[in-house]
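Undergrad: Here it is, the structure in full.
The values are calculated or read from the model by the stated rules, or taken from the named source; none is laboratory data. Since the model is a prediction, treat every value here as computed from it, not as a measurement. Positions of Cβ are backbone-derived with ideal geometry, glycine not excepted, and every protein chain shown enters the neighbour counts. Note: areas computed on protein heavy atoms with side chains; ligands, DNA, RNA excluded. Shrake-Rupley method; radii C 1.70, N 1.55, O 1.52, S 1.80 Å.
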Amino acid sequence: MNVLVLSETIWPKGSGGELATYLYAKLLTQEGLDVKIIARSTSSYFKAWNGLSIHSIPVLGSGKYTIVPMSKRLKELLRWSEIIYCADLFHLVPLVKHVFKKPAVIHLHSYFPACPIGSLYNLKENSVCKPNERDCTRCIWCYERGHLRSSKQALASILLNSTVGKYFRSFLKFADALIFVSKAQKSLFLNHMDICVPSYVIYNPLPELSYIPLQGDNLGYFGGLSPLKGFYVLLKAWSKVHYKRQARIYATKMGELASLESLKKIGMLPYGRLDKNSYEDVYRKIKAVVFPSIWQEPLPYVVSEALLRGRLLVASRVGGVPEIAEGLKGVFMVEPNDVNSLADALDRVLSMNRGEAIELGLKNREDILRKFDNRRTVNELIRVFEKVME
């Protein structure tokens, strides 16, 4: 089977969706499928892909609204393919269907294009969006300003989303199948879009991560400053706990706050983006990962990584998180935006001795590896391909 993967960005750039695309490309190749990847990238990013066939093509724009002009090379790749697997670049799907007569599967890793910012979370009301009570303009403004972008950038985003953005919703109806990464994501997404396309839930494959020995009694937060990731909820909860515990929170992706002394005074050590070695060094110092996200995250890799690394997890009960971690003994879930419950969970984790944390962390790793199997996952994807090709 010849599979052409469409992905505007390739891992290690991007986030969880790009990581999942990378893992699927490798797994599909290992199962004997012929896989080629279209991406806008440079050769410096290709080393991580270990010989996979990647084809760099010219594009217009950037991000989720990237447009790919038709080129001779792109036409050759589309003719070569037997099925198109879209991680993004959804605007190519109508062309694929009507001109090249090829089946297309769209894999949705966020809530875009049902939501222009991909979250279906109302930042103004601090709640999950309701289908008939959405105010996207106000939400885009809050999102962009919350990410420290200028007023001009926020207004440009509003203009782009209200014009070009509305067409992306219509591209989904041309797909032969939609794949969601969790039951929670599928339910919320389809509640906001009236679309009649066969839909499936396939959990993302797990990255190959080894256990990291525990050498400290601290906490780790890897969500950055995004309001959706719950940093300010964590800050309020930590203010109730830090004074009675000799522990720190190692916080990454903190941007301009990475040198803020006031955070260090309350035992929060902020960093920018870390390289692999520094990141693993932080993991050695923490016995639990804190995931205080407030939006319905489809299937966050930071949760899977915490469990695979053999760490305790304190997480909001949002989106696909319970589908990953519900029932694991070393996982403590709280309701999103609940400062007091989060503070209690942090206190409980910090009160554990290191031996108990190691034991529960290893059990977390054992349980997630038993619960999710990459061979089973990729074969579920292949079965969807086979269905749409019939």
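Undergrad: Just need the relative contact order of segment 208-295 here, percent rounded to a whole number, with Cα pairs under 8 Å and 6+ apart.
TA: Answer for segment 208-295 is 45 percent.
Undergrad: So, with a 1.4 angstrom probe, what is the percent of accessible area on segment 173-272 that is carbon and sulfur?
TA: Heavy-atom surface of segment 173-272 belonging to carbon and sulfur, 1.4 Å probe: 50 percent.
Undergrad: Could you work out the local net charge near Gly310, counting Lys and Arg as +1, Asp and Glu as -1, over the other residues with Cβ closer than 12 Å to its Cβ?
TA: In short, +2.
Undergrad: Find out how many positive minus negative residues lie around Arg376, taking Lys and Arg as positive, Asp and Glu as negative, among other residues whose Cβ is under 12 Å from that of Arg376.
TA: Summing Lys/Arg as +1 and Asp/Glu as -1 gives +1.
Undergrad: Step through the table entries Lys26/Lys183; Lys13/Lys244; Lys72/Lys186; Lys183/Lys329; Lys36/Lys183, compare each Cα-Cα distance with 32 Å, and write down the pairs that go over it.
TA: Lys13/Lys244; Lys72/Lys186
Undergrad: Taking only complete DSSP H runs, can you tell me which helices of the chain stretch 20 Å or more along their own long axis by Cα positions and average at least -0.5 on the Kyte-Doolittle scale?
TA: Working: long enough: 16-30 (21 Å, 0.21); 354-371 (25 Å, -0.97); 374-389 (23 Å, -0.41).
Within the chain the helices that satisfy the rule are 16-30, 374-389.
Undergrad: Given the rule -39500 (n - 2.57) for each run of at least 4 DSSP H residues, summed and divided by the residues of the chain, what is its mean residue ellipticity at 222 nm, to the nearest 500 deg cm²/dmol? Numbers along the way, then the final one.
TA: Values: 15 runs with 154 residues, N = 390.
Value at 222 nm, helices only: -11500 deg cm²/dmol.
Undergrad: Put +1 on the Cβ of each Lys and Arg and -1 on the Cβ of each Asp and Glu in the chain; which of Ala357, Leu92, Ala25 then has its Cα farthest toward the positive end of the dipole?
TA: Leu92
Undergrad: Can you work out the accessible area per residue across the chain, with the rest of the protein chains kept in place, probe 1.4 Å, in square angstrom?
TA: Numbers: 17510 Å² over 390 residues.
Here the residues of the chain average 45 Å² of exposed surface.
Undergrad: Next question, about the same structure. Any chance you could tell me what percent of the C-alpha pair distances in segment 106-196 go past 17 Å?
TA: 51
Undergrad: Cβ neighbours within 10 Å, averaged per peptide: list 275-284, 233-242, 378-387 in order, most packed at the top.
TA: Most protected by this proxy first, the peptides run 233-242, 378-387, 275-284.
Undergrad: Further question: Quick one: check the C-alpha center-to-center distance for segment 278-336 versus segment 360-390, whole angstrom.
TA: That distance is 19 Å.
Undergrad: Of Leu235, Gly220, Gly255, which is farthest on the positive side of the dipole of segment 199-289, counting Cα position, with +1 on Lys and Arg Cβ, -1 on Asp and Glu Cβ, and the Cα centre as origin?
TA: Among Leu235, Gly220, Gly255, the one farthest towards the positive end of the dipole of segment 199-289 is Leu235.
Undergrad: Taking 0.36 nm per residue of sequence separation and subtracting the Cα-Cα distance, how much length would be gained by fully extending the chain between Ser187 and Arg370, in nm to one decimal?
TA: Details: separation 183, 0.36 × 183 = 65.88 nm, distance 2.55 nm.
Full extension of this stretch gives 63.3 nm more.
Undergrad: Which of the lysines could a cross-linker span from Lys240 if the Cα-Cα distance has to be under 24 Å and same-chain partners fewer than 8 positions apart are dropped?
TA: Once the sequence-local lysines are set aside, what remains near Lys240 is Lys229, Lys253, Lys264, Lys265, Lys285, Lys287.
Undergrad: Mind checking Rg over Rh on segment 345-390, alpha carbons, Kirkwood formula for Rh?
TA: That ratio equals 1.38.
Undergrad: Along the three principal axes, how long is the chain when you take its alpha carbons, biggest first, rounded to the nearest angstrom?
TA: 66, 46, 38
Undergrad: Only bridges whose two residues both fall in the chain count here: according to DSSP, what percent of them are antiparallel, nearest 5?
TA: Here the share of antiparallel DSSP bridges comes out near 5 percent.
Undergrad: Let me ask something else about it. What is the dipole size for the chain, taken about its Cα centre, with +1 at each Lys and Arg Cβ and -1 at each Asp and Glu Cβ, in debye to the nearest 20? Write down the numbers at each step before the final one.
TA: Working: 53 positive and 36 negative charges, 131 e Å.
Taking the Cα centre of the chain as origin, the dipole is about 620 debye.
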